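The values are calculated or read from the model by the stated rules, or taken from the named source; none is laboratory data. What you are looking at is a predicted structure, and each value in this text was computed from that prediction instead of being measured. Here the Cβ is made from the backbone with ideal geometry for all residues, glycine too, and neighbour counts use every protein chain on show.
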Amino acid sequence: MGAFAPGAWTLTAEFSDRLLARLADAKFVVAFTGAGVSAESGVPTFRGAEGIWKKSKPEELASMNAFMKNPALVWEWYAHRKKLIASIQPNRSHTALVRMEQMFQQFAIITQNIDNLHRRAGSRTVYELHGNIERNYCITCGRPQTNEEVLRQPGVPRCPACGGLVRPDVVWFGEFLPEDQWDASVRAAESADVFISIGTSGVVYPAASLPVMAKLRGAFLVEVNPEPTPLTERADEFLQGASGGIMSALVARLSAGKSGPPLTEQSLQS
Ligand code: BJW
Ligand code: ZN
């Protein structure tokens, strides 16, 4: 799915026997994903050197106060992101997680991402903690609107039924997470044998409490990130690097078994 030449790389990442053994025994595996997972598709992260929040303050864009104060500014940002996300593709991390779902008795993705790339890649059990940028709704009457409808309207989109302001169906700071998605995520975290936190800075709550919740209930906690985070010292395994390469290599290793032949990305796609 990603923009790569098939067979152009071989798998070099090393995984500990402990991690491979825990995965071999695991009945329920949970992947907890953040913006870093979509970075290789071209979606900017929030924090860090290239992050969105370097240029704009979160409270000026991602809160109800910000929206009521300046809906045009907030919509300019969302219209830009909606168009960007519609134009890009899932990457190797998303594909690897689709493969993992097929490998374990139970598998769930808990995502903080709003870009819908896990579903577009083909993952089935996906809990979305912070909403989905493909949906919108009227803040007065709740009527949903598609992206096509909102992007057709210049400036701030309005509800055709009541004239109210339309907002993206995402979770801003100070707002509660969708209860059904949160409850399902807590259940998954509490039941996971292996919990893999991938591409998240782990600073936004309550989402950031899930890896710790999983570990306290006995899960083997794995973190995949190019940089250490507040979670790193609690992780049983820290796989340092970009998630596309690491997750593809991990899936290839699991598919091949311990003594399997070296795989190429081409064989992963087939
Ligand atoms: C790679 C990579 C590669 C790079 N491979 N990795 C004090 C004051 C005020 C509020 C609070 C407070 N303390 C706690 C709060 C609550 C607040 C909060 O947590 N704030 C903290 C930030 C301080 N939380 C909330 O408000 C939440 N609601 C809530 O608590 O409800 C209860 C309540 C109700 C009423 C009143 C008060 C409380 C809601 C949080 C909503 C978060 N929304 C956003 C925006 C979504 C919409 C949109 O996108 O437009 O969600 S903010 C943003 O952060 C987005 C993300 O999902 C979220 C997490 O970010 P993520 O995914 O971790 O991304 P980054 O950029 O931080 O990290 C990327 C990582 O990837 C990095 O580590 C890189 O190294 C790595 N990376 N390339 C792998 N190739
Ligand atoms: Zn309305």
Only unsatisfied item for Ser38, checking (1) among the small types (Gly, Ala, Ser); (2) more than 30 Å from Ala256 (Cβ to Cβ); (3) in a helix (DSSP H, G or I), is (2)
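Residue check: is Leu129 of a type in the set (A, V, I, L, M) and either on the phi > 0 side of the Ramachandran plot or more than 9 Å from ligand 2 (Cβ to nearest atom) (or both)? Break it down stepwise before answering.
Details: of a type in the set (A, V, I, L, M): yes; either on the phi > 0 side of the Ramachandran plot or more than 9 Å from ligand 2 (Cβ to nearest atom) (or both): yes.
The answer is yes for Leu129.
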Picked from region 195-215 (must be among the aliphatic types (A, V, I, L, M) and crowded, with 24+ Cβ neighbours inside 10 Å), the residue nearest to Leu20 (Cα to Cα) is Ile196
In region 140-168, residues that are more than 14 Å from ligand 2 (Cβ to nearest atom) and within 29 Å of the chain's Cα centre (by Cα) total 7
Within region 158-192, restricting to residues that are in contact with a Leu (Cβ under 8 Å, 6 or more places away or on another chain) and not small (Gly, Ala, Ser), the one that is nearest to ligand 1 (Cβ to nearest atom) is Val171
Residue pairs within 6 Å by beta carbon, gap of at least six or interchain, first lying in region 95-117 and outside any loop (DSSP other than H, G, I, E, B) and at pLDDT 95 or above, second among the basic types (Lys, Arg) and surrounded by 21 or more Cβ atoms within 10 Å (Cβ to Cβ), listed first then second, are none
Within region 225-240, restricting to residues that are of a type in the set (D, E, K, R) and in a loop (DSSP other than H, G, I, E, B), the one that is nearest to ligand 2 (Cβ to nearest atom) is Glu227
